1. Which condition number does Leu403 fail, the rest of (1) buried (at least 18 other Cβ atoms within 10 Å of the Cβ); (2) within 19 Å of the chain's Cα centre (by Cα); (3) aliphatic (A, V, I, L, M) being met?
2. Just one of the numbered conditions (1) within 27 Å of Thr750 (Cα to Cα); (2) modelled with pLDDT under 95; (3) not in a loop (DSSP other than H, G, I, E, B) is not true of Pro548; which one?
3. Is it true that Val830 is touching a strand residue (DSSP E or B) at 6+ places or on another chain (Cβ under 7 Å), outside any helix (DSSP H, G or I) and surrounded by fewer than 23 Cβ atoms within 10 Å (Cβ to Cβ)?
4. Working carefully through the options Ile1042, Ile1101, find the one that is out of contact with any Pro (no Cβ under 8 Å at 6 or more places or on another chain) and either more than 30 Å from Glu887 (Cα to Cα) or not in a helix (DSSP H, G or I) (or both).
5. For segment 410-429, how many residues meet the condition of being more than 18 Å from Arg391 (Cβ to Cβ) and open to solvent by less than 10 Å² (accessible area, probe 1.4 Å)?
6. Go through segment 573-619 and report how many residues are over 29 Å from Leu655 (Cα atoms), open to solvent by 70 Å² or more (accessible area, probe 1.4 Å) and not hydroxyl-bearing (Ser, Thr, Tyr).
7. Could you say which residue among Glu930, Glu935 is surrounded by fewer than 20 Cβ atoms within 10 Å (Cβ to Cβ) and in a loop (DSSP other than H, G, I, E, B)?
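The values are calculated or read from the model by the stated rules, or taken from the named source; none is laboratory data. Computed from a predicted model, the values in this text were never measured in an experiment. Counting neighbours? That spans all protein chains shown, and the Cβs are built from the backbone with ideal geometry, glycine included. Areas reflect the complete protein model, heavy atoms only, side chains present, ligands, DNA and RNA absent. Shrake-Rupley method; radii C 1.70, N 1.55, O 1.52, S 1.80 Å.
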Amino acid sequence: MHLVGEERKANLPGQPSMAFPAIPQTLTPFVSDPEAGFESSTPSGTATPFLSSGPVSGPRPLGVSQTQTTMQTFPSRPMSGYEMLEYRMPSPPPAGPSSTPMPSYLAQGASSYQQLSPFPVLPTAQAVQPLRGPSLGAPPFPAPTGSFRPQTQISSVPLGAPPQIGNSLAPKANMSLPTSESSLPPHKPFSQSPWPGNTNAFPSGNVPQPPLESQFPSPRPVSQSPLQAYSAPYMPLPMSETSLPPHKPFSQSPWPGNPNAFPSGNVPQPPLESQFPSPRPVPQPPLQAYSAPYVPPQAPPLNVHQGSYVPPAPLGFNSREQMQYSGTGPQLEGTIQGLLEDFQSLSVGSSPGMLDQGIDPETLPRPLDVDQEPISVLEKYPLNCHPRYLRLTTHAIPSSQSLLSRWHLPLGAVVHPLAEAPDGEEVQVVNVGCAGVIRCRRCQTYVNPYVTFMDAGRKWWCNLCSLLNDVPGEYFCPLDANGRRCDVDQRPELSRGSVEFAAPAEYMRRPPIPPIYFFLIDVSLTAVQNGFLETIATTIKSCLDGFPGSPRTLIAFLTFDSRLHFYSLKSSLSQPQMMVVSDLEDIFLPMHDDLLVNLADSRTAIDTLLDSLPSMFQHTVDVESALGPALLAAHMIMRQLGGKLLVFQNTLPSLGVGRLRLRGNDLCIHGTDKEHTLRIPEEPFYKQMAAEFTKNHIAVDIYAFSDKYSDIASLGSLAKYTGGQVYYYPSFQATIHGQKLRYELTRNLTRETAWEAVMRIRCGKGLRFTTYHGHFMVRSTDFLELPAVDCDKAFAMQFSLDETLITAQTIYFQVALLYTSSSGERRIRVHTAAAPVVSDLGEMYRQADSGAIVSMMSRLAIEKTLSGKLEDARQFLQLKLMRSLREYRNLYVVQHRLGGRLIYPESLKYLALYILSLCKTLALRGGYAEASPDERCAAGYSMMILPIGGMLKLLYPTLVRIDEILLKAPDNSELLNELKSLPLTKESLDAGGLYLYNDGFSLILWCGRMLSAGIVKNILGIDFSTSPDLSKVTLFEHDNEISRKLTSMLTKIRKSHPYNYQLCHIVRQDEQPRETSLLLSNLVEDQTAGTFSYRDWMLQIFLQTQQIS
């Protein structure tokens, strides 16, 4: 569905409907020269009801009688081929003097939903609503009461011979169900009689819809069963997964010359409740033409179908199997397999015998298992790099702009260039020797497994730009009988999707730098009081032996409060010398040497400084912070070499350049157009410093500890544009948060880091990358500057079609990261992947990667909060979701004509839940009262660099019950395997249980009020009867089996998410407000203030996707 003009407004939970502005293109205000030596540089249609593979079961609005009817209007325009097929012929009455009234159906409108949910549903355009039928075994609804106006007679139109199904039939008799958009011209409605010579065709113009109280009597019964089948709403049947061809389109003229053809224009639909009697069922075995086993009719199940089709309960109409002509032979296997594999469905309505209406919560799709990387791609493209390094939002690239406009979801890639690989799967390093790195001379693509060698091995064809390149003599190898190089298996660059080249001298602008760590530490009063100064001093000292690059590593220290303290760490000194600079207006260095020293040579002085640093400032009374001047001084020391700058900030900068004001409590701008100013830097100094740091290959990491406003929005820009990271510890106390700080600082100092890196991602003809999202500096259209990058950071980028039509069958992508290793080697890591080009929107959905889509959309939403309100970002997410599901519904508008189900692609079955969770994250949820500006900004900075696995873990954490496991016999190796994830709802919590919640950033141990006192005593060493303050209780191992098993379990969980430390919080049931703030507000399936529950969210999605677009 291609939307043009004014787009439809979407309803966000608890928020008014409003228009959505276009996504602003990410612009980088800082652009510098490229790295030397690295690279040379349609009108809107009418949506039809949601169609489904299940029974009709829709909720009836409270207070509405069964005889009420709902008017449906049609737009005054010609109808397209898909919309034409929505026409239902009037039902013929059975023979005899009397007839049974046709069951009436009530449309589910927005009003019915308003009684199901406490949140109002704002008025929208009139929607085609799902229908609700009678319960299984119940008699048909009584006929509408009241008198109808006199009706005139209309003659029935007999159909010709029904179509046969089978390959043995002539083409003119073949009426296949359309499963792809290629069957009809995309935007060409029928305007003429579709079959020449058709005398009984309906008019081609816009025919007005008859009133609900029809003026026409019932049509005469027709003896042909096919007409009876088309006279009733479509009823699916139990089908095997091998019944219909997955992509066989409708022919434009199914029966040439057939005088009984279907109408070509917009034909009025019969009223929902009419006085026409229901047709007699055709006495044909329901599964005569199908090979699947018969399942007897039963109550419509409220479940998500997974790989099988559940038959609907008969509602008094002919089922679809009765549409088969009696002489039709059995269908061939494999005819509907693709159709059923395309999507799943969710019943929306009430089951017979149920009092409540809506969706059964137990049937909702939930990602209770860990994120599964789409390794199935490697089965089709075994030469691709592993998905841990590169994942596309869909592994099917659209061939045209018109197809892309119907996708509605982000089209791009998520790149994790330095992702950690399991043992035995590390990226191999290739040294090509005197031949040099083989690259295309036009597009600079590196040689990869998808290039083609020809001319007896003397030339190779570039798979990205199609240029024919010469093979250097040193790299020459003859071809075998199949045209492959004889040494292809011995060359990783020709047989693997990921490889690292040892870069020769021409890729170096200067000799490789050693690893450099500069510590900029706040030593004001609060930093000493909360214990963070002592914690970082002891942590740094414990890591000195593990710094990468030893013995080349360089190190420096600078402390500040209202003054700057420099330290001379000359190797000949037995203890460091401190020099104080009080002039903050004109910063200068007291000495030019011995401030940045070799770690191995000056180890004694460094150890002495770290030991004495806490005691040096233990009596300070200085509460000021001169962070800006300290940054200038650090830049002056590091600008010659670069490196990593670690800033430890505890007080809002108040002196010198870069001073900040307290603006987080400005209530006047919350909810206004100026709300976003709280989430962007107020002082331009920090963005200017970020540009200077990047220019000199300096990455900045921010550690913020204050319990008051720290302006993370401004400080975080230093990390955002330099490839760094923001670590936020609100209300830091060393006794509680010390272990988390020690772990994360240790990992930062000891993990392998790529220094002075630049990254470029290339793609084949017809595509171009447009926007980039993450922590870096954009130096040109496709050139990213990364002063330092590590295995914990991922990047996202969107691409678009550069041409109207892509004629190639395959598109190739290549990511190249040029960096200096800690050992001093210049390397180029290359990841290459291929993806097919398709002209079928259904194939794009089948190959969609929900993890990559959610990761991309989270970054887009966070960036949207920097230019608008939080509500705008949430509505942006909802609009994307609604449009995509509505467009997907239109793909199967003919095959699934039931309105009581929400259908969605199998590949995106968790997308709705992830979007709901994303709206409830700390970065996007609520308003001013939900989270402080610092908390929102810190969460946003963290989410911008998260890999896909970490993002999905944050959006849908795991909740497991562990008390039963801990009481079992000791078997630590199997503890995690026995844990069963539970839905994130309060109903999953039992008052007598012990539960563990893990979102990848923190662990929460929830103790029920009826939990055994023995378990509490064993794991905590306390008794709840004494009412202890659990916020000050730390979890450590006690001398008993239960405590040891719990400690082992937590250790394994933390190792599975090594990018940060999950601090364990202990909370007891009904302990307020900690229980709500720590756990209950993060149970994303429950309704919280101003947000939907998961069940209501799915109902809202169903109503939205039913609307006429």
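1. With respect to (1) buried (at least 18 other Cβ atoms within 10 Å of the Cβ); (2) within 19 Å of the chain's Cα centre (by Cα); (3) aliphatic (A, V, I, L, M), Leu403 is out only on (2).
2. Single failed check for Pro548: (3).
3. No; evaluated as a whole, the condition is false for this residue.
4. Details: Ile1101 fails: either more than 30 Å from Glu887 (Cα to Cα) or not in a helix (DSSP H, G or I) (or both).
Only one candidate passes the filter, namely Ile1042.
5. Counting residues in segment 410-429 that are more than 18 Å from Arg391 (Cβ to Cβ) and open to solvent by less than 10 Å² (accessible area, probe 1.4 Å) gives 0.
6. Of all residues in segment 573-619, those over 29 Å from Leu655 (Cα atoms) come to 573-575, 598-605, 607-608.
When the remaining residues are screened for being open to solvent by 70 Å² or more (accessible area, probe 1.4 Å), the result is 574-575, 601, 604.
Now narrow it down to the ones that are not hydroxyl-bearing (Ser, Thr, Tyr): 575, 601.
So the answer is 2.
7. On inspection, the qualifying residue turns out to be Glu930.
Yes/no per residue for (1) at pLDDT 90 or above; (2) polar (S, T, N, Q); (3) open to solvent by 40 Å² or more (accessible area, probe 1.4 Å); (4) within 32 Å of the chain's Cα centre (by Cα):
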position: Ile965; (1), (2), (3), (4): no, no, no, no
position: Leu994; (1), (2), (3), (4): yes, no, no, yes
position: Asp999; (1), (2), (3), (4): yes, no, no, yes
position: Ala1013; (1), (2), (3), (4): yes, no, yes, no
